[in-house]
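Since the structure comes first, as structure tokens, the remarks are kept for the end.
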Amino acid sequence: ESVGPTIAAGEILVEIMATDRGLGFLEPLALVGPYPSGAPAIFIDQVARLGGGAGLIGCVGRDDFGTINLERLRRDGVDVSAVAVSDRYPTGSAFVRYRPDGGRDFVYNIAESAAGQIRLTAEVRQLADRAGHLHVMGSTLSVAGLKEIVAYATKAVRARGGSTSFDPNVRKELIDGADGGQFSALVDDADLLLPSGEELLTAAGVDDECQAVRALLARGVGEIVLKRGAAGSSRFAADGSRIDCAGFLVEEVDPTGAGDCFGATYLTCRRKGMEPGKALFYANAAGARNVTRRGPMEGVAGFDVLDGFIAGTARAT
Ligand code: ATP
Ligand code: MG
């Protein structure tokens, strides 16, 4: 594994959530927020919390929503030199409401916010040129400037012997702007693929888990780590090996951010040289602990906190 920070690119948002469950935002509601958010921001903040080198490529507005994100990321040790501050556009936002069945409705302001303004700037090139790993997220593919950044950063990271990961977390509300060809190229190129549930089948274009895993590994994906929510996770490698990890038994307060914390933890443990089974165990702990906290980035945790959580929490059998 090459040296240099793990970098991620994409939306930095605030999240504002409805306090009561229900469908959508069609009447006045009690809301709580703003919380720092955005899948790439949550991911990279968790990398930094674990003591991994971490840098983020993004854009915020010159407003309080931008400031709470920048302050949090800086405090946790993320390099924000490649986060631009826009004078013209406000920081992006996501309103979220949980449905009674556990699903979620979102109202996003991303494409026409500062988050939609990310560009391949000199600062982005400088960060990519010293990075050891690039993480890309499906949620970001609708942002126009991302394509050029991902192309540049993938080449830069690979030239230094580094690796890439892809989380195909395409939200139904964001899928329209995404480019199908870019999506498959990112899947094919990934050293590590981090799908959750159905995303595995979507990425492979088949409707059976085993077939999907085989098809993706045959397409050149290095390893697949499948997120199963409360049921835990599984890891499939090109050598045919499989590891399953049962979920921790927790009370789910807020599921948003679990996948990002999980992925960041698995990747960072692996980049630190940990074997896959142990990395998966820590990732499960990080995902489970995240859902016990309200706010997508409020559940990020270092190894000390995770060790305490593991010692005090039972697992499903
Ligand atoms: P996101 O909602 O952030 O997109 P995701 O769908 O990508 O998340 P999940 O499968 O929901 O990912 O969660 C990632 C991991 O976190 C799971 O594989 C599991 O280890 C842990 N996790 C998530 N929800 C729970 C839960 N309710 N109980 C225990 N562990 C959980
Ligand atoms: Mg989920």
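Brief remarks on what is shown
- Residue satisfying condition, being open to solvent by 10 Å² or more (accessible area, probe 1.4 Å) and in a helix (DSSP H, G or I), within set ALA41, ALA48: ALA48
- Condition met for VAL136 (within 16 Å of ligand 1 (Cβ to nearest atom), over 19 Å from the mean Cα position of the chain (by Cα) and either among the β-branched types (Val, Ile, Thr) or surrounded by fewer than 24 Cβ atoms within 10 Å (Cβ to Cβ) (or both)): no
- Looking only at segment 259-284, and only at residues there that are open to solvent by less than 20 Å² (accessible area, probe 1.4 Å) and near ligand 1 (Cβ under 8 Å from one of its atoms), the one that is nearest to the chain's Cα centre (by Cα): ASP260
- Within segment 185-240, being buried (at least 20 other Cβ atoms within 10 Å of the Cβ), over 15 Å from the mean Cα position of the chain (by Cα) and within 12 Å of ligand 1 (Cβ to nearest atom) holds for LEU200, GLY232, SER233, ARG235.
- Qualifying residue in segment 285-305 (condition: more than 27 Å from TYR35 (Cα to Cα) and away from ligand 2 (no atom under 16 Å from the Cβ)): no
- Answer residue from segment 243-257, given it is closer than 15 Å to LEU226 by Cβ and open to solvent by less than 20 Å² (accessible area, probe 1.4 Å) and is farthest from ligand 2 (Cβ to nearest atom) among those: CYS245
- Residue identified as under 27 Å from ARG104 (Cα atoms) and free of Cβ contacts under 8 Å to residues at least 60 places away in the same chain among VAL305, VAL250, VAL300, VAL291: VAL291
- Enumeration of residues in segment 66-85 that are open to solvent by less than 50 Å² (accessible area, probe 1.4 Å) and aliphatic (A, V, I, L, M): LEU70, LEU73, VAL78, VAL80, ALA82, VAL83, ALA84
The values are calculated or read from the model by the stated rules, or taken from the named source; none is laboratory data. Bear in mind that the values here come from a model prediction, so they are computed numbers and not experimental data. Neighbour counts are summed over all protein chains in view; Cβ atoms, including those assigned to glycine, are modelled from backbone coordinates with ideal geometry. For the accessible areas, the whole protein counts, side chains as well, though only heavy atoms, and no ligand, DNA or RNA atoms are used. Shrake-Rupley method; radii C 1.70, N 1.55, O 1.52, S 1.80 Å.
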